[in-house]
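**Q** What follows is a structure written as structure tokens; I'll ask about it next.
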Amino acid sequence: ALADAVFGAQPPAPASASALPPAIHLAAAADAIADVALGAPKPAGVIVAGPETHDIADLAKQIAAKRGGRPRVMTAPVPGMEAFGKGLLLPPADVPGVGPTFAEWLRTRG
């Protein structure tokens, strides 16, 4: 009621402007783990990541647009998210991304 009057049909969604690690589709992660488990032994751990890096504000805008609303996303700092903001949780550049992109995945959602 009040939020609709002030902001329109959709109130702003708070979001942190931090780089998120590449999200990975569950089936793609399972396939990658199975490949490692069934393959030759590896001397070190294996890193599995999705195909893209996003910030949460971008993802919120895409979800809002998918729902047919006008995206109203406001970024705000979130305590404890410094590692995301500095990109410290991103995989090394040579790690291949697996699975669908976020946009491809979002198109499959109802």
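Here's the yes/no breakdown for (1) out of contact with any Phe, Trp or Tyr (no Cβ under 8 Å at 6 or more places or on another chain); (2) of a type in the set (Phe, Trp, Tyr); (3) under 24 Å from Lys86 (Cβ atoms):
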{"residue": "Ala32", "(1), (2), (3)": "yes, no, no"}
{"residue": "Ala57", "(1), (2), (3)": "yes, no, yes"}
{"residue": "Gln62", "(1), (2), (3)": "no, no, yes"}
{"residue": "Gly68", "(1), (2), (3)": "yes, no, no"}
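**Q** Among the numbered conditions (1) farther than 25 Å from Thr108 by Cα; (2) at pLDDT 70 or above; (3) out of contact with any strand residue (DSSP E or B) (no Cβ under 9 Å at 6 or more places or on another chain), tell me where Ala1 comes up short.
**A** Just one mismatch for Ala1, condition (2).
**Q** Tally time: how many residues in segment 64-87 are of a type in the set (A, V, I, L, M), outside any loop (DSSP other than H, G, I, E, B) and more than 27 Å from Ala32 (Cα to Cα)?
**A** If we filter segment 64-87 for residues that are of a type in the set (A, V, I, L, M), which is where we start, we get 64-65, 73-74, 76, 78, 81, 83.
Filter again for outside any loop (DSSP other than H, G, I, E, B), leaving 64-65, 73-74, 83.
Those left that are additionally more than 27 Å from Ala32 (Cα to Cα): 64-65, 73-74.
Number of matching residues: 4.
**Q** Let me ask something additional. Please go through segment 88-106 and give me each residue that is in contact (Cβ under 8 Å) with a residue 40 or more places away in the chain and in a helix (DSSP H, G or I), ordered by number.
**A** Phe102, Ala103, Trp105, Leu106
**Q** Hey, among the residues in segment 45-63 that are outside any strand (DSSP E or B) and charged (D, E, K, R), which one's farthest from the chain's Cα centre (by Cα)?
**A** Lys61
**Q** Return the pairs, sorted by first residue and then second, in which the second residue is assigned to a helix (DSSP H, G or I), the first residue lies in segment 59-70 and is modelled with pLDDT of 85 or more, the beta carbons are less than 8 Å apart, and the residues are 6+ apart or on different chains.
**A** Short answer, once both residue conditions are applied: Leu59/Phe102; Gln62/Phe102; Gln62/Ala103; Gln62/Leu106; Ile63/Leu106; Lys66/Leu106.
The values are calculated or read from the model by the stated rules, or taken from the named source; none is laboratory data. No experiment lies behind these values; they were computed from the predicted model shown. Cβ: placed from backbone, ideal geometry, glycine included. Neighbour counts: every protein chain shown.
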